[in-house]
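> Right, I'll just put the structure down here and ask away after.
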Amino acid sequence: MSEARWQALWLRNSLRRGGMARLLWPVSLVYGALMALRRGLYQMGLKQSHSVGVPVVVIGNVVVGGAGKTPTVIGVVNHLKTQGWQPGVVSRGHGRQSQHVVLVHADTALADSGDEPALIHRRTQVPVCVAAQRVAAARALLAAHPEVNILVCDDGLQHLALHRDVQIIVFDERGTGNGWLLPAGLLREPWPRETKTSASDLVLHQRRDDTPNPALIRAPGVPVFGAVRRLADHAVGPTGEQMSLDQLRGQRVTAVAGTARPGVFFDMLRARGIEPAAEVGLPDHATLPDYAALMQDSSITLLCTEKDAVKLFPTLIDSPADQRPQVWAVPLELTPDPAFFNALDGRLERLKSRA
C-alpha cells in the first residue's frame, strides 16, 4: 500500500472510531501513559521548564497534521509588531538536515533552517532561530538580538522545557477527530488538556472560507475564537511579480503541495474556480529532489503553496526562463475574529513590565 493511501485510510479512521482505529486503540493507551509520565515529571519538578527572561507565546496544536499553525505564527508576529513589540521566533525547524543552532537569514540554506522557519522569516522579517532544543534557540536568538522583547515559539505545545506565558492552541475543521490519542486518533494529548501550567490558554478554531462554519471546539475554562483561512486573490512569482487568480481560471495548470495535507490546497484552488489538470501531493517538508520531475517540464504552469515556494523560487531565479516551468505560489491568508487579538493583547499587557 502506498504511503498516500495509508495516510488517507488512517485519517478516515482517525475522524471516526472505525475498525483500524479500534485495532490501534490499545497502542494509544501506551502512548497516553508515556505522555502522562512525561507531564508528571515536569509537574513534580523532576524535569525543569526554563525561563529565558522575556515573555513567550507558544503556538501549537493537539492534533497532528496541518491545523494552520504556521499562518497563525505569521499572523500573531505581524500583529505583535503593530502593538509595539519586537518579536522573534524560535522553532525546531522540522525537516531540516542539520542539528546545530541556526539564525535564519534570507540566504540561509533550507537544509539548515527548514522550510517553515524560512517562510516565517520571509513573511515577518523578524529574527528567527532554529535548534534541536527550543530553549537553546531562544537563548541564541536573544543573545544575537537583544532588542527582541517577546518570543513566539513555532510549535512546541507538548515540549515543556521552554517556559511559556501564553499558549495558542490551533484547531481546524477536523476538530479533535474521533477523540482518541495517536495512533488510533488525531490527538497528541487528551482534550480537554490535562497539562497544568501557569500559562494562559487561547484556542483558535480555524475553518476554510469555502466550508460551513463548524461548531467551535469545546474547551472548558478556555476562551475559544474562530478564524477563516482563504487563498489570496493573487499568486506570486519568483521575483515578486503578481497574477490575479482570476487569470488562472480555465488555464491548464498543475498543482503541487508538499504539506501535511496536500488535498486541502487542491480543494481550496477548486473553490476559487481553478481546476488543476494534475495534482501532485508530496510529503510534508519535501526536499528539492521530490520536485525534480516537475521542474524539468518547461511546458507546464505550476501552482504551489508558499511553503513549496521557499524551496522552488531560488532555483528558478538562476535558471533560463525557457528551460523551467512557470511557477506561481498562492499565499494563504488567515483572518481571526477581532476578539482573538484583543484577548491576546490583554494577556500580554501585564507582561510588558517584564519585557
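The values are calculated or read from the model by the stated rules, or taken from the named source; none is laboratory data. This is a predicted model, so every value here is computed, not measured. As a convention, Cβ positions derive from the backbone with ideal geometry for all residues, glycine included, and neighbour counts pool all protein chains shown.
> Take G84 and decide whether it is assigned by TED's automatic domain parsing to the domain that holds A138, closer than 25 Å to V224 by Cβ and not β-branched (V, I, T).
Numbers: assigned by TED's automatic domain parsing to the domain that holds A138: yes; closer than 25 Å to V224 by Cβ: no; not β-branched (V, I, T): yes.
For G84, the condition - assigned by TED's automatic domain parsing to the domain that holds A138, closer than 25 Å to V224 by Cβ and not β-branched (V, I, T) - is not met.
> Related question: Considering only residues that are of a type in the set (S, T, N, Q) and either more than 25 Å from V64 (Cβ to Cβ) or in a loop (DSSP other than H, G, I, E, B) (or both), which ones fall in the stretch 125-169? Working first, answer last.
First pass over the stretch 125-169, keeping only residues of a type in the set (S, T, N, Q): 125, 133, 149, 158, 167.
Across the stretch 125-169, the qualifying residues are Q125, Q133, N149, Q158.
> Sticking with this one: Output the residues belonging to the stretch 275-312 that are of a type in the set (S, T, Y), surrounded by fewer than 19 Cβ atoms within 10 Å (Cβ to Cβ) and either under 19 Å from the mean Cα position of the chain (by Cα) or within 10 Å of A257 (Cα to Cα) (or both).
Just the residues of the stretch 275-312 that are of a type in the set (S, T, Y), to begin with: 287, 291, 298-299, 301, 305.
Imposing the further condition that a residue be surrounded by fewer than 19 Cβ atoms within 10 Å (Cβ to Cβ) reduces the set to 287, 298-299, 301.
Hit for the stretch 275-312 is T287, nothing else.
> Pick from E333, E279, E275: which is at pLDDT 90 or above and either within 23 Å of N78 (Cα to Cα) or in a helix (DSSP H, G or I) (or both)? Working first, answer last.
Working: E279 fails: either within 23 Å of N78 (Cα to Cα) or in a helix (DSSP H, G or I) (or both); E275 fails: either within 23 Å of N78 (Cα to Cα) or in a helix (DSSP H, G or I) (or both).
Within the list E333, E279, E275, the selection yields E333.
> Hey, another quick one. When the residues of the stretch 10-24 are narrowed to those that are basic (K, R) and in a helix (DSSP H, G or I), which ends up farthest from P183 (Cα to Cα)?
We begin by selecting, within the stretch 10-24, every residue basic (K, R); these are 12, 16-17, 22.
So of that shortlist, the ones also in a helix (DSSP H, G or I) come out as 12, 22.
Numbers: R12: 12, R22: 10 Å.
Per the stated criteria, the residue is R12.
> Here are A227, A235: which of them is buried (at least 16 other Cβ atoms within 10 Å of the Cβ), at pLDDT 90 or above and in contact with a Gly (Cβ under 9 Å, 6 or more places away or on another chain)?
Details: A235 fails: in contact with a Gly (Cβ under 9 Å, 6 or more places away or on another chain).
Being buried (at least 16 other Cβ atoms within 10 Å of the Cβ), at pLDDT 90 or above and in contact with a Gly (Cβ under 9 Å, 6 or more places away or on another chain) holds for just one of A227, A235, which is A227.
> From the residues in the stretch 117-149 that are closer than 27 Å to R38 by Cβ and touching a Leu at 6+ places or on another chain (Cβ under 6 Å), which one is surrounded by the fewest Cβ atoms within 10 Å (Cβ to Cβ)?
V135
> Oh, and also: Taking interchain pairs and intrachain pairs at least six residues apart, which have beta carbon atoms under 8 angstrom, with the first residue in the stretch 26-53 and part of a helix (DSSP H, G or I) and the second surrounded by 15 or more Cβ atoms within 10 Å (Cβ to Cβ) and aromatic (F, W, Y)?
S28/W180
> May I ask you to say which residue of T124, T176, T108 is within 15 Å of the chain's Cα centre (by Cα) and over 20 Å from K352 (Cα atoms)? Talk me through it step by step, then tell me what you get.
Numbers: T176 fails: within 15 Å of the chain's Cα centre (by Cα); T108 fails: within 15 Å of the chain's Cα centre (by Cα).
After ruling out the rest, the residue left standing is T124.
> Additional query: Among the residues of the stretch 58-85, which ones are surrounded by fewer than 16 Cβ atoms within 10 Å (Cβ to Cβ) and in a loop (DSSP other than H, G, I, E, B)?
Within the stretch 58-85, Q83, G84 meet the criteria.
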